[in-house]
Amino acid sequence: MCGLSGELRFDGALADVDAVARMTAAMEPRGPDGSGIWSQGPVALGHRRLKIIDLSEKAAQPMTDSELGLTGVFNGCIYNYRELRAELLAEGYRFFSTSDTEVLIKAYHRWGLDCVSRFKGMFAFAIVERDSGLVMLGRDRLGIKPLYLTQDGARLRFASTLPALLAGGGVDTDLDLVALHHYMTFHSVVPPPRTILSGVAKLPPATVRTIRPDGAFADHTYWRPSHTRSPEQFWPEESSRDWTAAVLESLRTAVDRRMVADVPVGVLLSGGLDSSLIVALLAEAGQQGLATFSIGFHAAGGEAGDEFAYSDLVAEHFGTDHHKIQIDDSRLLPALTGAVAAMSEPMVSHDCVAFYLLSQEVSQHVKVVQSGQGADEVFAGYDWYPPLADVPRDGVTEAYAKVFFDRPHSALAETLNAPYLLEGDASEAFVREHFGRPGAETALDAALRLDTSVMLVDDPVKRVDNMTMGWGLEARTPFLDHDLVELAAACPPSLKLAAGGKGVLKNAARGIVPDEVIDRPKGYFPVPAIRHLSGPYLDLVREALTSPAAKSRGLFRPAYVERLIAAPSDHRTTLGASALWQLALLELWLQSHGL
């Protein structure tokens, strides 16, 4: 919910309120229900509001608690805010609203940096101390809510989106060559703190940053799942029923937490196991008239464009108020422009446009939805995990790169022009360093730890946030409840890999979700027209890659581009994505933002 922005000056000047206002205005789609600007000397804050909890103006932001000398802006939801509020009331705090924003501010006053460890939810925030001038930035454990930064010797600016920082002006928009290497190699994932632009960083997940008035700062990482098993935990396969029961109970709690709202909450129902299980648990809990939403596209390249057979089955089984959205081809091409513009970073997954169009439709009915993202990374649902099961721990880097990297480092020489090439393999070095950290005793544990803390954050999670918030829709992801993630991280790999992946989750769903959904082949969010580029979609790609802007940038080798355009379906990345779309999406994003 919402979009935040701000500036902190280090040079003795007053904060540039006009720049903060421009950044805030750029995020209007994230918060169509209200806006606010606050400034005090060298600090200014901006906010766009999506009303979810406490719909009154008492919960407007930026929010100032004059008694405590604190002002804050907040994006997200603290699901246990009522329990924390009761605890703070018992300690003598007085409240003027019923919002979770006020709980966050008072929790910071009471517990300092430690407050984040008490929050169950998704959040990014900034809090300013009136008397000391100290500023604290924070981000949730799984990075569900974004926070982008740009800094020079005179000032720091921050915002919920990268385009908002661009609207503020003064950003170094040169390409970060290490980030470009990750984009081309590490399945388009750019790990924090980098972004594709040299002048923009992102606060890592599970991090609080304390910034002094002179610009000195300190980061504190407050959460890391270990992906190891302690002796007192269930072990191993013979206790699978214990693990199944524990996972089911934890997921029940996670789904229940995400119903906290002063507006109705719906569900994005793809027809797969994950979203179907969310619907089933809400029905089990007695939810009546639950609104569910599914989307479909026309077939292309011999590939179906919807999974309505399964979503219809689930909706009928649980008696939901189901909305089946069929997207005509005439809407898909224009929506690509909006989807690319809504991206804070280039995101190559073809289902971005599906989420974008789905969010447009869903936002006409509800403001909040639950979504099944994260289950595959947390419970080992992808097909690249089984090949890692028998890999020795010291061989995981090479094995992981083989199944996940889009192309080897050596192949970049025929893809990128010389000024954009790195001598060393930055992606391999990043992955090797991550795998070298203590814990995660098996190769699969190490891969799941990497994917949960890095790939998940900067691919599917970011995708869902950007596309839903582009229409003022808040998406909540129960599979990323940190208590559930910690439990899944400790679950023996063999139980997660069972039954073709997500075995322990499938066992938990048995008897709750129809067997046809549990035992179906793994699906995805299909947008065949982008996976199989032809006609007007190929024309769009050709135009982007041969435009004057692309030629001036000189990013890709012309011969390589021509080869891909001549036979787009023949060139796939390791995981089967369109290599041509990967190149085109980057150019489309850069051109969309005038870079």
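The values are calculated or read from the model by the stated rules, or taken from the named source; none is laboratory data. Note that the structure is predicted; figures quoted are calculated from it, not measured. Neighbour counts are summed over all protein chains in view; Cβ atoms, including those assigned to glycine, are modelled from backbone coordinates with ideal geometry. Side chains included, ligands, DNA and RNA excluded: accessible areas come from the protein's heavy atoms. Shrake-Rupley method; radii C 1.70, N 1.55, O 1.52, S 1.80 Å.
Okay, here's what the table says:
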{"read-out": "Selection within the stretch 270-303 - in contact with a helix residue (DSSP H, G or I) (Cβ under 7 Å, 6 or more places away or on another chain) and over 30 Å from Arg531 (Cα atoms)", "value": "Ala280, Leu281, Leu282, Ala283, Ala285, Leu290"}
{"read-out": "Single condition Leu104 does not satisfy, out of (1) closer than 19 Å to Ala124 by Cα; (2) out of contact with any Phe, Trp or Tyr (no Cβ under 6 Å at 6 or more places or on another chain)", "value": "(2)"}
{"read-out": "All positions within the stretch 122-143 that are among the small types (Gly, Ala, Ser) and either assigned to a loop (DSSP other than H, G, I, E, B) or without any contact (Cβ under 8 Å) to a residue 60 or more places away in the chain (or both)", "value": "Ser132, Gly133, Gly143"}
{"read-out": "Test: residue in the stretch 461-468 that is closer than 30 Å to Gly3 by Cβ and in contact with a strand residue (DSSP E or B) (Cβ under 6 Å, 6 or more places away or on another chain)", "value": "yes"}
{"read-out": "Residue in the stretch 502-521 that is surrounded by the fewest Cβ atoms within 10 Å (Cβ to Cβ), counting only those that are touching a residue at least 24 places away in the same chain (Cβ under 8 Å), closer than 17 Å to Phe308 by Cβ and not hydrophobic (A, V, I, L, M, F, W, C)", "value": "Glu516"}
{"read-out": "Conditions (1) among the aliphatic types (A, V, I, L, M); (2) out of contact with any strand residue (DSSP E or B) (no Cβ under 8 Å at 6 or more places or on another chain); (3) touching a residue at least 12 places away in the same chain (Cβ under 8 Å): number failed by Ile53", "value": "(2)"}
{"read-out": "Condition met for Val391 (touching a Pro at 6+ places or on another chain (Cβ under 6 Å) and either open to solvent by 10 Å² or more (accessible area, probe 1.4 Å) or part of a loop (DSSP other than H, G, I, E, B) (or both))", "value": "no"}
{"read-out": "Unique match (being out of contact with any Ser or Thr (no Cβ under 8 Å at 6 or more places or on another chain), farther than 20 Å from Met469 by Cα and open to solvent by 10 Å² or more (accessible area, probe 1.4 Å)) among Gly34, Gly41", "value": "Gly41"}
{"read-out": "Strands (runs of 3 or more DSSP E) within the stretch 1-82 that include 3 or more residues over 30 Å from Gln370 (Cα atoms), among the basic types (Lys, Arg) and modelled with pLDDT under 95", "value": "none"}
{"read-out": "Long-range neighbours under 7 Å by Cβ, at least six apart or interchain, first residue closer than 13 Å to Gln360 by Cβ within the stretch 459-470, second of a type in the set (Phe, Trp, Tyr) and part of a helix (DSSP H, G or I)", "value": "Met467/Phe355; Met467/Tyr356; Thr468/Phe355; Gly470/Tyr356"}
{"read-out": "Subset tally (residues that are open to solvent by 20 Å² or more (accessible area, probe 1.4 Å) and in contact with a helix residue (DSSP H, G or I) (Cβ under 8 Å, 6 or more places away or on another chain)) for the stretch 408-423", "value": "6"}
{"read-out": "The one condition in (1) in contact with a Phe, Trp or Tyr (Cβ under 8 Å, 6 or more places away or on another chain); (2) open to solvent by 10 Å² or more (accessible area, probe 1.4 Å); (3) farther than 15 Å from Val20 by Cβ that Arg155 fails to fulfil", "value": "(3)"}
{"read-out": "Failed item in (1) crowded, with 20+ Cβ neighbours inside 10 Å; (2) assigned to a helix (DSSP H, G or I), with Val178 passing the rest", "value": "(1)"}
{"read-out": "Counted residues, the stretch 246-269 - those being among the aliphatic types (A, V, I, L, M), surrounded by fewer than 18 Cβ atoms within 10 Å (Cβ to Cβ) and touching a helix residue (DSSP H, G or I) at 6+ places or on another chain (Cβ under 8 Å)", "value": "1"}
{"read-out": "Among residues of the stretch 217-228, those that are open to solvent by 40 Å² or more (accessible area, probe 1.4 Å) and over 24 Å from the mean Cα position of the chain (by Cα), counted", "value": "2"}
{"read-out": "From Asp306, Asp312, residue being in a loop (DSSP other than H, G, I, E, B), open to solvent by 10 Å² or more (accessible area, probe 1.4 Å) and either farther than 23 Å from Val247 by Cβ or of a type in the set (A, V, I, L, M) (or both)", "value": "Asp306"}
{"read-out": "Residue in the stretch 63-81 that is under 29 Å from Thr253 (Cβ atoms) and open to solvent by 40 Å² or more (accessible area, probe 1.4 Å) present", "value": "no"}
{"read-out": "Complete set of residues in the stretch 364-378 that are open to solvent by less than 10 Å² (accessible area, probe 1.4 Å) and out of contact with any Phe, Trp or Tyr (no Cβ under 8 Å at 6 or more places or on another chain)", "value": "Val368, Gln370, Ser371, Glu377"}
{"read-out": "Tally of residues being outside any helix (DSSP H, G or I) and of a type in the set (Asp, Glu) across the stretch 394-414", "value": "1"}
{"read-out": "Among (1) touching a residue at least 60 places away in the same chain (Cβ under 8 Å); (2) within 25 Å of the chain's Cα centre (by Cα), the one test that Glu587 misses", "value": "(1)"}
{"read-out": "Residue check, Glu102 open to solvent by less than 10 Å² (accessible area, probe 1.4 Å), outside any strand (DSSP E or B) and either acidic (Asp, Glu) or at positive phi (or both)", "value": "yes"}
{"read-out": "Asp176, sole failed condition from (1) without any contact (Cβ under 8 Å) to a residue 60 or more places away in the chain; (2) more than 21 Å from Phe430 (Cα to Cα)", "value": "(2)"}
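This table checks each residue for (1) within 23 Å of Gly576 (Cα to Cα); (2) within 22 Å of the chain's Cα centre (by Cα); (3) modelled with pLDDT under 95; (4) aliphatic (A, V, I, L, M).
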| site | (1), (2), (3), (4) |
| --- | --- |
| Ser363 | no, yes, no, no |
| Lys367 | no, yes, no, no |
| Ala380 | yes, yes, no, yes |
| Trp384 | yes, yes, yes, no |
| Gly395 | no, no, no, no |
| Glu398 | yes, no, no, no |
| Ala418 | no, no, no, yes |
| Leu421 | no, no, no, yes |
| Glu433 | no, no, no, no |
